[in-house]
């Protein structure tokens, strides 16, 4: 008896373990931004090195968006002198030629977008003559004191992170008003005649909430949020005047804590505000008073800290999932003032969309973006799955820009799989085990090609998965599947033709595909067909099928329809694409149907009807 029980439990577990996914080709159709397939720091600002960039790898991987401002190094960039002050390296000033990078990008990848940044701090690099002699000190090796403010004749502290004497900023920096920062637009689009359509997006500086840390030489005490907003508005208005079609991308927040918090808080008329809500509120107010659009993409950075793979596999839920309890929730606990430990659900982009609707109205047109991110794990398969999950969630929620900062093994393969094989429009999907297995389907404009990306986030279990389709009729008996699985620790992506994609065929039966997804894997399936109901007969049976007999089934050249005493008038035979391949009038009783010309082998739908009733039966041709 116990063996029978064991078998029952095993069968029950097997049925329960199977994942069912449903895809609707006509529901929730949304354009996928081509700028999700982006990177940071792909180019060189050294004219002598720009020719050494692996353009073939970038093109073949399908990179479409290049954020090249350099993060913290963008804040003090002097485009006139082509210099930057490096805040993470003594504030030393080095050559940094954005011109050569922009020219090279447009020349080599004219269909891509490049994004650089405006400077809002008010000070930029002036000269390298006052640099700290780091080579003489320790052959330019990293140590805990690299953040000391030593440029400008500072006095070294050999045992800490703060200099004994701070350097004089006037020796290596100069003033940089709003007119100077937006002057790069005239320089690039008039003097250099660069294509402005390839340089539409501009970051509004970088991680402004932590300037008292990253740029404490200029700002030892953080300015108020309102003081920053005035800097933002001045630059944004001047940039829009010079380039009406510009895409302003801000406020470029540093991390989860800064999504909600400005140093020393924000209070208006006795009410406290989270930083991003305040930012959106002030943008809305200034837009209303000025009539000038001041924000096109709301941009954040995200650097979570967990090294637990199971937790990282759920990071994609941080942005829109209103039910996800985030183990690293921190800044969100301050959202209502104070520190409320019961606040554990981030859905930061969901909150942002709520605030945008509240203050700007539902037709605001502001998109979402992440221009820096990095995770704290090393397994290439887990990294690939995290990246795929994040791309998938951004596809279906209309995120505009995604440019991860760090780029470990697994990401080249993933971006290539998505950028090269996905279609331009996201459509609806649902999974019976969304936590571990998700589908990210996309369809083309003519609605005859569909790609389904299946992601298995389980770290140790394969998942038997069935995918069914509504409002899309699959064609053929097989589809091509491309999978990323069991990636090694070394880079495998070389080009579009030399990579780690594993190719296989997936059988199509009854408008359904079934396959087993390996643990920590990504599988992309390319499908042909057309929009429509699989029944293809625009109706369902109205009479009991047991009253109608069709034989033999399968059939070779002919089959018999026996309607008994029922008064049906017509039979119609449809293929899997919904195309009628044969029709004939019938009488009561048995009618022998000789299909001519002979149909190809496969699955067909037989519609037997009169003016008021119909029966639909599946029939196979040999």
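The values are calculated or read from the model by the stated rules, or taken from the named source; none is laboratory data. For clarity, every value in this text was computed on a predicted model and none was experimentally measured. All Cβ positions, even for glycine, are placed from backbone atoms using ideal geometry, and neighbour counts span all protein chains on display.
Annotations
- Of all residues assigned to segment 417-433, at least one qualifies as being out of contact with any strand residue (DSSP E or B) (no Cβ under 8 Å at 6 or more places or on another chain) and not assigned by TED's automatic domain parsing to the domain that holds residue 512.
- When residue 137 is tested against (1) outside any helix (DSSP H, G or I); (2) free of Cβ contacts under 8 Å to residues at least 40 places away in the same chain; (3) surrounded by 12 or more Cβ atoms within 10 Å (Cβ to Cβ), exactly one condition is not met: (1).
- Matching entry among 363, 376 (being more than 12 Å from the chain's Cα centre (by Cα), modelled with pLDDT under 95 and in a loop (DSSP other than H, G, I, E, B)): 363
- Of residues in segment 155-189 being touching a strand residue (DSSP E or B) at 6+ places or on another chain (Cβ under 6 Å) and touching a residue at least 40 places away in the same chain (Cβ under 8 Å), the one farthest from residue 79 (Cα to Cα): 172
- Number of the condition not met by residue 476 [criteria: (1) assigned to a loop (DSSP other than H, G, I, E, B); (2) modelled with pLDDT of 95 or more; (3) over 18 Å from residue 388 (Cα atoms); (4) in contact with a strand residue (DSSP E or B) (Cβ under 9 Å, 6 or more places away or on another chain)]: (2)
Residue-wise test of (1) surrounded by fewer than 23 Cβ atoms within 10 Å (Cβ to Cβ); (2) at pLDDT below 95; (3) closer than 25 Å to residue 358 by Cα.
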{"residue": "197", "(1), (2), (3)": "yes, no, no"}
{"residue": "207", "(1), (2), (3)": "yes, no, yes"}
{"residue": "212", "(1), (2), (3)": "yes, no, no"}
{"residue": "253", "(1), (2), (3)": "no, no, yes"}
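- Residue count for segment 256-270 under the criterion of being assigned to a loop (DSSP other than H, G, I, E, B) and out of contact with any strand residue (DSSP E or B) (no Cβ under 9 Å at 6 or more places or on another chain): the result is 6.
- Among the residues of segment 214-236, not one is crowded, with 20+ Cβ neighbours inside 10 Å, more than 30 Å from the chain's Cα centre (by Cα) and closer than 14 Å to residue 264 by Cβ.
- Summed over segment 271-292, the residues that are surrounded by fewer than 20 Cβ atoms within 10 Å (Cβ to Cβ), in contact with a helix residue (DSSP H, G or I) (Cβ under 6 Å, 6 or more places away or on another chain) and assigned to a loop (DSSP other than H, G, I, E, B) give a count of 1.
- A count restricted to segment 441-461 and to residues that are in contact (Cβ under 8 Å) with a residue 40 or more places away in the chain, assigned to a loop (DSSP other than H, G, I, E, B) and more than 30 Å from residue 378 (Cβ to Cβ) stands at 2.
- All conditions in (1) more than 23 Å from residue 398 (Cα to Cα); (2) assigned to a strand (DSSP E or B) hold for residue 438, with the sole exception of (1).
- Condition check for residue 442: at pLDDT 95 or above and buried (at least 19 other Cβ atoms within 10 Å of the Cβ): yes
- From 73, 96, 108, residue being without any contact (Cβ under 8 Å) to a residue 24 or more places away in the chain and at negative phi: 73
- Selection count where residues are assigned to a loop (DSSP other than H, G, I, E, B) and surrounded by 12 or more Cβ atoms within 10 Å (Cβ to Cβ), scope segment 337-351: 7
- From 359, 339, 347, 324, residue being in the same structural domain as residue 264 (by TED's automatic domain parsing) and within 30 Å of residue 420 (Cα to Cα): 347
- So residue 166, is it surrounded by 16 or more Cβ atoms within 10 Å (Cβ to Cβ), closer than 28 Å to residue 129 by Cβ and either at pLDDT 95 or above or under 30 Å from the mean Cα position of the chain (by Cα) (or both): yes
- So residue 467, is it crowded, with 21+ Cβ neighbours inside 10 Å, touching a helix residue (DSSP H, G or I) at 6+ places or on another chain (Cβ under 6 Å) and under 18 Å from residue 525 (Cα atoms): no
- Of all the listed residues (392, 369), the sole one being in a helix (DSSP H, G or I), touching a residue at least 12 places away in the same chain (Cβ under 8 Å) and surrounded by 24 or more Cβ atoms within 10 Å (Cβ to Cβ) is 392.
- Given (1) in the same structural domain as residue 190 (by TED's automatic domain parsing); (2) in contact (Cβ under 8 Å) with a residue 12 or more places away in the chain, index of the condition residue 89 fails: (1)
- Residue in segment 303-310 that is closer than 17 Å to residue 373 by Cα, in contact with a strand residue (DSSP E or B) (Cβ under 8 Å, 6 or more places away or on another chain) and not in a loop (DSSP other than H, G, I, E, B) present: no
- Filter result for residue 72 (in contact with a helix residue (DSSP H, G or I) (Cβ under 7 Å, 6 or more places away or on another chain) and buried (at least 16 other Cβ atoms within 10 Å of the Cβ)): yes
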